[in-house]
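S.K.: To start, I am sharing the structure in question, which I have written as structure tokens.
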């Protein structure tokens, strides 16, 4: 089951060519991912207060077509993979149904005291698994 977050491109997010500057897609990802996490797992701080955090280990973006100022974008967020110590999230960015950017981000779970890699807490795994598409 995917989650869709909508946003509109602001003028300041565009480069001199009039298209969204590539680094801003990571910001878009972060906004959509945060809302996805809040809806599926709960507040990020809940995880941190329980002794676990998650850090970005890998980002991959595939650009297909540019977004421009004032475009209304739909960011479809899906948990793509649940590993032992990490999760991979996919975000497809569309404008009027056209796929513009495919993004994948892998987060690794760490202990908040030591910053050492740790297993994904079972309660997080359960909530993300419930929101993931069936194979």
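S.K.: Of the residues in the range 20-40, how many are in contact with a strand residue (DSSP E or B) (Cβ under 7 Å, 6 or more places away or on another chain) and surrounded by 19 or more Cβ atoms within 10 Å (Cβ to Cβ)?
M.R.: The qualifying residues number 7.
S.K.: Let me ask something else about it. Restricting attention to the range 1-48, report how many residues are in a loop (DSSP other than H, G, I, E, B) and either at pLDDT 95 or above or out of contact with any helix residue (DSSP H, G or I) (no Cβ under 7 Å at 6 or more places or on another chain) (or both).
M.R.: 13
S.K.: Here's a follow-up. (1) loosely packed, with under 14 Cβ neighbours inside 10 Å; (2) assigned to a strand (DSSP E or B); (3) free of Cβ contacts under 8 Å to residues at least 24 places away in the same chain: which one isn't true of residue 114, the others all being true?
M.R.: Evaluating residue 114 over (1) loosely packed, with under 14 Cβ neighbours inside 10 Å; (2) assigned to a strand (DSSP E or B); (3) free of Cβ contacts under 8 Å to residues at least 24 places away in the same chain leaves (2) as the failure.
S.K.: May I pose another question? Are there any pairs with C-beta distances below 6 angstrom linking a residue in the range 6-18 that is closer than 17 Å to residue 101 by Cα to a residue that is surrounded by fewer than 12 Cβ atoms within 10 Å (Cβ to Cβ) and modelled with pLDDT under 95, with the two at least 6 apart or on different chains, and if so which?
M.R.: Final answer for the pair search is none.
S.K.: Now a separate question. Taking only the range 84-106 into account, find how many residues are touching a residue at least 40 places away in the same chain (Cβ under 8 Å) and surrounded by fewer than 20 Cβ atoms within 10 Å (Cβ to Cβ).
M.R.: 3
S.K.: Is there a residue being closer than 18 Å to residue 108 by Cβ, in a helix (DSSP H, G or I) and touching a helix residue (DSSP H, G or I) at 6+ places or on another chain (Cβ under 8 Å) anywhere in the range 53-62?
M.R.: Looking for residues that are closer than 18 Å to residue 108 by Cβ, in a helix (DSSP H, G or I) and touching a helix residue (DSSP H, G or I) at 6+ places or on another chain (Cβ under 8 Å), one finds none in the range 53-62, hence no.
S.K.: So if I check each of 79, 84, which one is at pLDDT 95 or above, part of a loop (DSSP other than H, G, I, E, B) and closer than 28 Å to residue 109 by Cβ?
M.R.: Answer to the check: 84.
S.K.: Let me ask another. It is to be established whether one or more residues within the range 65-72 are assigned to a strand (DSSP E or B), touching a residue at least 24 places away in the same chain (Cβ under 8 Å), under 15 Å from the mean Cα position of the chain (by Cα) and exposed (fewer than 15 other Cβ atoms within 10 Å of the Cβ).
M.R.: Taking every residue of the range 65-72 in turn, none turns out to be assigned to a strand (DSSP E or B), touching a residue at least 24 places away in the same chain (Cβ under 8 Å), under 15 Å from the mean Cα position of the chain (by Cα) and exposed (fewer than 15 other Cβ atoms within 10 Å of the Cβ).
The values are calculated or read from the model by the stated rules, or taken from the named source; none is laboratory data. Everything quoted here is computed from the prediction, not taken from an experiment. Glycine also receives a Cβ, built like all others from the backbone with ideal geometry; neighbour counts cover every protein chain displayed.
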